[in-house]
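Read the structure below first, then the notes.
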Amino acid sequence: MFFTLPWMLAGLVGVPALAAIYWLRSRAQVRVVSSLFLWIDQRRPKQGGRIVEKIQTPLAFFLELLAITAIVLAAAGFSFTRSQFARPIVLVLDDSYSMQAGKDKSTRARAREALVKEFQRTAYVARVVLAGSQPRLLGESIRNADQLQEALEDWRCTAPTAALEPAVALAAEIGGETARILVISDHEPPEELTPGKVQWWAFGQPLSNTAITAAARERSSGGETGEEDRTLLEITHLGSTGTRAGLVLQGANLGEPQRKTLDLGAGAASRLIMSFVSGSAELRAKLNDDELAIDNEVVLVSPRRAPVRVQIAVAEDERAGDKLKGAITRALEAAGQSLVVDSRPQLIIADRASAPDSDAWQFELLGGTDAVAFEGPYVVDRSHPLTEGLSLEAIIWSAAENNVPHGVPVITAGNRVLVADEEHASGKHHVQLAIDMELSNLADSPEWPILIANLVRWRAAALPGPAATNLQLGQLLRFTLVEEPTRDTQVVVKRPDGSEQSVIAEGKRHEVRPDQIGLYNVRAGAQQFAFACNAVNADESNLLECATGRWGSWNDSEVFQDQHVRLDWVFLLVAIGCLVAHLVVLSRSGAPGS
């Protein structure tokens, strides 16, 4: 049941006005006159007056009362839906961690209460889509408030971002043309909603928030002990006025906890750069409590992975070889995750193929004669680890016609393969890159160190242990086991809340997507390591743009209008009938004007 024009219900003020007319009755006053023959009507009038008497409710009063009510309901467009006991609806829930904001009652809690009340008031058949970094469907169909409350237990709001637009598209696909879509968030819609299809309910509040917006701990050389962990913390005050924030540091090799006071202006950030003994315990940093707790604390684990052992096997007796070796060396130094060695390499960068029985990965640069230059456009496989961050704009790439890389193409210019990757059964990779360094500007551009850094990170990720030790919330962790697992080898992941998740190892490579902040421990046979996950996203921690309100109307859709049964014509007939009966009553009573 609903009203098309609910503001027309204001006409019901006529009901008390009618009662007042019948309540206030006139009272005759004594007048001495000489004769009555000039008086037309000698009866005592019964209409109007200022004297308060006991209310009189003849049949005419009830007819007038019913007529006013019927006219108002007809004007308001009283209707109900044919499918009111099975309305299809898809709920799109913002799953980002800003929905946790609020000390007394979080945005998520207020939204949950409103949803439960809506389901208690109106019957729906609902599906739920969680809008996190990627939208996902939650559970089965929901038909009552109890099932909704049970399903909402999995709505934890721990995602670093909310992909609401893809989630709405998924909801439209799931629900079909007749399903309503209800978006629950903490901010207003970014653009105008589709008329009649989507409603948007926001329960956010614009609040000031101080957050840790960046955190990193990397191993470097050059300290007093030869190796140390360089740590960066960035604390940002996301508010309209300044604040004083308290920060507590503990762990690593600090001994006693250290307390710092930071005076931050509106939108200002403070960066702390510190050094700790490499391999020491995890470092914990915590801010004072505020409106959003998840971004007030970080844990940073010491990176225990050794650098990738790289061997440069490039001819030195030619000018081109010297230029190539120098370009490779400078790029490796910029990457900062490698160690140049002459023996037992894990990665070989060479201008010729190495021994086939070597376990090292190979990055072979193919030279040759009769080079052909290309200036793009280049076709790049963006899913390959080597191409992350590559643009290849303004790159002149020359390659010999007689040397074509073998394997899966990674970078091509038209139908000419420039970079290819071949994976062996053992898991090692042989990458070939066709280039003439004398006629190309690739090695002199920013694309070259990016390419080499991607190569080193890719190789490091395949080494035993985790590819990273400090992750952002929502980031995928890849790790490799030391030995090939047996049938009984289990990978056990202990989460920050103490719960454990275990799976049977089906290979040496595994992935974990952490969904909690804090310290994780991974155990697989005799191999153990720890990693940390932190919520460091300045955009998500910014609560100043949060809002409360409702946008959109399902009643504007023609699809939903076809499902409505309007009763305004019924109330109009009732009103006409009351008015006709009212005229009959007045004519029979002999009232003036009848």
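The values are calculated or read from the model by the stated rules, or taken from the named source; none is laboratory data. Bear in mind the structure is a predicted one, so any value in this text is a computation, not a measurement. When we count neighbours, we look across all protein chains shown, and the Cβ atoms used for this are built from the backbone with ideal geometry, even at glycine. Accessible surface areas use protein heavy atoms only, side chains included; no ligands, DNA or RNA. Shrake-Rupley method; radii C 1.70, N 1.55, O 1.52, S 1.80 Å.
Miscellaneous remarks
- Here the 3J(HN,Hα) profile of segment 118-123, calculated from phi with Karplus coefficients 6.51, -1.76 and 1.60 at θ = phi - 60°, is 4, 6, 6, 7, 10, 7 Hz, Gly and Pro shown as x.
- By average C-beta atoms within 10 angstrom, highest first, the peptides 380-392, 6-18: 380-392, 6-18
- At full extension, LYS508 and ASN288 could sit 75.0 nm farther apart than now, given 0.36 nm per residue minus the alpha carbon distance.
- Using θ = phi - 60° in the Karplus curve 6.51 cos²θ - 1.76 cosθ + 1.60, the 3J(HN,Hα) couplings for segment 572-588 round to 5, 5, 4, 5, 4, x, 5, 5, 5, 5, 5, 5, 5, 5, 5, 5, 6 Hz; x is entered for Gly and Pro.
- Residue separation of GLN528 and LEU232 scaled by 0.36 nm, minus their Cα-Cα distance, works out to 104.0 nm of gained length.
- Gained length - VAL584 relative to GLU188, 0.36 nm times residue gap less alpha-carbon distance: 136.9 nm
- Taking amide H positions as modeled 1.01 Å from N, with prolines and chain starts lacking one, the residues under 5 Å from VAL372 and 5 or more places away or on another chain are ALA399, ALA400, GLU401.
- Area accessible to solvent at TRP361, 1.4 Å probe radius, in Å²: 10 Å²
- Rounded tilt (10° steps) of 447-462 against the dominant C-alpha axis of the chain: 90 degrees
- Considering only Cα atoms, the convex hull volume of segment 189-277 works out to 164 Å³ per residue.
- Averaged over its residues, the chain has an accessible area of 54 Å² per residue, based on protein heavy atoms and a 1.4 Å probe.
- Amide H contacts of VAL125 (H built 1.01 Å from N, in plane; Pro and chain starts excluded): ARG87, ILE89 sit under 5 Å, all sequence-distant by 5 or more or on other chains.
- The chain: Cα Rg divided by the 2.2 N^0.38 Å rule of thumb: 1.52
- For GLY242, distant residues with modelled amide H under 5 Å away: ALA266
- Among 288-295, 576-583, sorting by the average number of other beta carbon atoms lying within 10 angstrom of each residue, highest first, gives 288-295, 576-583.
- C-alpha long axis of helix 59-76 to longest principal axis of the chain, angle in °: 20 degrees
- Accessible surface of the chain [probe 1.4 Å, protein heavy atoms]: carbon and sulfur percent: 52 percent
- Of the Cα atoms belonging to segment 68-219, the radius of gyration and Dmax stand at 18.0, 81 Å.
- Gyration tensor over alpha-carbon atoms, segment 338-461, equivalent ellipsoid semi-axes in Å: 23, 16, 14
- Net charge over other residues, Cβ less than 14 angstrom from the Cβ of SER185 (K, R count +1; D, E count -1): -4
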